[in-house]
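The values are calculated or read from the model by the stated rules, or taken from the named source; none is laboratory data. Just so you know, these numbers come straight off a predicted model, no measurement behind them. Quick reminder, even Gly has a Cβ in these numbers, built from the backbone with ideal geometry, and neighbours come from all protein chains shown.
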Amino acid sequence: MQHTRQEIGPRSPVAPGTPQVSVVIPMHDEEGAVADLISGIAEAAAGLSDFEIIAVDDGSSDRTFEQLVAARATVPQLRILRHSSAGGQSAAVHSGVRAARAAICCTLDGDGQNPPSELPKLWEPLLADETGRVGLVAGQRLKRRDTFSKRMGSKFANGLRRRILSDGTSDTGCGLKGFRTEAFLALPYFNHMHRYLPALFKAYRWEVVLVEVAHMERTSGRSKYTNFGRAVAGVADLIGVFWLLRRAKSVSAEETAADA
């Protein structure tokens, strides 16, 4: 679906310098989660020298946008992007990362199920990496607070994906992820790519770090996916990502041979 992106308000209302971290939040009909989420992120990032929060309102039909505008009055590091129509989670994340000013981006879901207090677990390994080889830090949810059917559907999908892609992770659906901005933007973009980031980063020669994170019950909105809908999309995605990974390995082998 085609959509246009618009940034609302001043681009950098507090500090003119480059932030250490940009926190990107995809949001669609999450009005009830906005206030606590934004204030929680600001509290978690208080130890950084500078940060920004980029909330992407992905075509919400409720008062998500109005709540974001209100939150900016108390958290001036907040920037608001607005899609004219809903493009999906990957599109919202991609818009936010493209707008980010920091070399490191972290993401979390907009429904309140990812505790903002877990964010330092994402950016600390990236900030401390002196080798420059760590590209992605991926959260792995403990004691998921989802329905039984959703947990079972995710367990099956994660097992199938892990066997086919050999990505070494048991939970790619967790919204808590941290990565190098430039590395993320160099990856091929496609719908639902946020679920395949460990495999993609590994294919493009980046190291991936897994960290355990907490998970909370949903405080706002409703799930954007059904098990059936996720399964149908997942089959096509798996085929496409499998081809991408084989292509990436082929290109890497050709480059290595050419350099020999």
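What number goes with the only condition from (1) part of a loop (DSSP other than H, G, I, E, B); (2) in contact (Cβ under 8 Å) with a residue 40 or more places away in the chain; (3) surrounded by fewer than 23 Cβ atoms within 10 Å (Cβ to Cβ) that G17 does not pass?
Looking at each condition in turn, G17 falls short on (2).
Please determine whether any residue of the stretch 56-79 is modelled with pLDDT under 95 and farther than 19 Å from G112 by Cα.
Looking through the stretch 56-79, none of the residues is modelled with pLDDT under 95 and farther than 19 Å from G112 by Cα.
Quick check on the stretch 65-95: of everything there that is buried (at least 24 other Cβ atoms within 10 Å of the Cβ) and in contact with a Ser or Thr (Cβ under 9 Å, 6 or more places away or on another chain), which residue is nearest to K177 (Cα to Cα)?
V93
If we scan the stretch 111-128, do we find a residue that is at pLDDT below 95, surrounded by fewer than 21 Cβ atoms within 10 Å (Cβ to Cβ), in a loop (DSSP other than H, G, I, E, B) and in contact with a helix residue (DSSP H, G or I) (Cβ under 9 Å, 6 or more places away or on another chain)?
Among the residues of the stretch 111-128, not one is at pLDDT below 95, surrounded by fewer than 21 Cβ atoms within 10 Å (Cβ to Cβ), in a loop (DSSP other than H, G, I, E, B) and in contact with a helix residue (DSSP H, G or I) (Cβ under 9 Å, 6 or more places away or on another chain), which makes the answer no.
Residue pairs, Cβ under 9 Å, 6 or more apart or interchain, first in the stretch 193-204 and touching a residue at least 24 places away in the same chain (Cβ under 8 Å), second crowded, with 24+ Cβ neighbours inside 10 Å and polar (S, T, N, Q). List them.
H194/Q89; H194/T107; R195/Q89
So, in the stretch 158-178, of the ones that are of a type outside the set (S, T, Y), over 13 Å from Y196 (Cβ atoms) and at pLDDT below 85, which residue ends up surrounded by the fewest Cβ atoms within 10 Å (Cβ to Cβ)?
R163
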